[in-house]
1. Can you say whether L109 is aliphatic (A, V, I, L, M), closer than 21 Å to N20 by Cα and either in contact with a helix residue (DSSP H, G or I) (Cβ under 6 Å, 6 or more places away or on another chain) or assigned by TED's automatic domain parsing to the domain that holds L22 (or both), as far as the supplied structure shows?
2. Taking region 67-125, which residues are aliphatic (A, V, I, L, M), crowded, with 18+ Cβ neighbours inside 10 Å and part of a helix (DSSP H, G or I)?
3. Would you check if L226 is under 23 Å from V63 (Cβ atoms) and either surrounded by 17 or more Cβ atoms within 10 Å (Cβ to Cβ) or at pLDDT below 85 (or both)?
4. Report, by residue number, each residue of region 49-66 that is surrounded by 18 or more Cβ atoms within 10 Å (Cβ to Cβ), part of a strand (DSSP E or B) and not basic (K, R).
5. Collect the residues in region 181-202 that are over 14 Å from the mean Cα position of the chain (by Cα) and either farther than 17 Å from K155 by Cα or free of Cβ contacts under 8 Å to residues at least 40 places away in the same chain (or both), keeping them in residue-number order.
6. Going through region 176-232 one residue at a time, which ones are part of a loop (DSSP other than H, G, I, E, B), within 28 Å of A103 (Cβ to Cβ) and charged (D, E, K, R)?
7. So F198 passes all but one of these: (1) surrounded by 15 or more Cβ atoms within 10 Å (Cβ to Cβ); (2) at pLDDT 85 or above; (3) over 24 Å from E74 (Cβ atoms). Which condition number does it fail?
Amino acid sequence: MRDLQPVNIETHLKNAVIFNALGDEEIALIAKGAREVRCDKGVTIFHRGDACTGFHIVVFGQVKLSFTSAQGVEKIVEIVQQGQSFGEAMMFLDKPYVVSAQALSSSLLLHVSKSAVFSEMERNHDTMRKMLGSLARRTHRLMLDVEGYCLHSGKQRIIGYLLNQLEHGEPGSEAVSLDLAVTKCVIASRLNLTQEHFSRILHELSDLDLIQVDGRRLTIPSLQRLSLHQFE
């Protein structure tokens, strides 16, 4: 765990995607209902079926959202990164959590209470509009994920994931390296692939000299070649 110095809650709320359209006054009021939650790697933040009393924002670290099938197979729905949030939908629906949340690394979260959010939304309808806009964008992203599962091959999903991790790279860039922030089995589950299928595709891409794998470090000799290969 990083140092235990208290954080500036208002600053981190303002930087969160769901609140980045709000003004200082709105942020200050919501901050009164927020508290820090520090988690070591592997700590469960909530279980599927637990009552939802608010939602969480990741200040640093990573959190996986998942559920387990009747056969005991875990499916990772989302990997939540710094600045992102989770749990808002269940808060607005006033329903128990439909997934479990677990820290993938040492993490600091902010828990924002339902009462603080609802009070501000009742006070200022513009806050409601801004938050609903943020939720709509997230829903759109999840729909794109579903489209990928249904219409894209495993190879396309993996290449798309790698390119998304290098969003600041240019297609014509020289070789670039990427350190995977989570394990390969977590990424495989996130992409709706078995570990065996995921590993096989990495080997195929490596044999084509499109990637070079060294543990969690991947080197991409040419972003342009990898991007073009995605839809071949």
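The values are calculated or read from the model by the stated rules, or taken from the named source; none is laboratory data. Computed from a prediction, not measured in an experiment: that's the story for all the values here. Cβ: placed from backbone, ideal geometry, glycine included. Neighbour counts: every protein chain shown.
1. Details: aliphatic (A, V, I, L, M): yes; closer than 21 Å to N20 by Cα: yes; either in contact with a helix residue (DSSP H, G or I) (Cβ under 6 Å, 6 or more places away or on another chain) or assigned by TED's automatic domain parsing to the domain that holds L22 (or both): yes.
Here the answer is yes, as L109 does meet what is asked.
2. Matches in region 67-125: M90, M91, V117, M121.
3. no
4. Passing the criteria: G54, F55, H56, I57, V58, V59, V63, L65, S66.
5. Passing the criteria: T183, K184, C185, A188, L193, T194, Q195, E196, S199, R200.
6. Pass one, region 176-232, residues part of a loop (DSSP other than H, G, I, E, B): 180-183, 191-194, 208-211, 215-216, 221-222, 230-232.
Pick out the ones that are also within 28 Å of A103 (Cβ to Cβ) and you get 180-183, 191-194, 215-216.
Residue satisfying the conditions is R216 alone.
7. Against the list (1) surrounded by 15 or more Cβ atoms within 10 Å (Cβ to Cβ); (2) at pLDDT 85 or above; (3) over 24 Å from E74 (Cβ atoms), F198 comes up short only on (3).
Here's the yes/no breakdown for (1) within 17 Å of V7 (Cα to Cα); (2) touching a strand residue (DSSP E or B) at 6+ places or on another chain (Cβ under 9 Å); (3) outside the structural domain of M128 (by TED's automatic domain parsing):
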| residue | (1), (2), (3) |
| --- | --- |
| G23 | no, no, no |
| I27 | yes, no, no |
| E36 | yes, yes, no |
| V43 | no, yes, no |
| F46 | no, yes, no |
| F55 | no, yes, no |
| V59 | yes, yes, no |
| Q62 | no, yes, no |
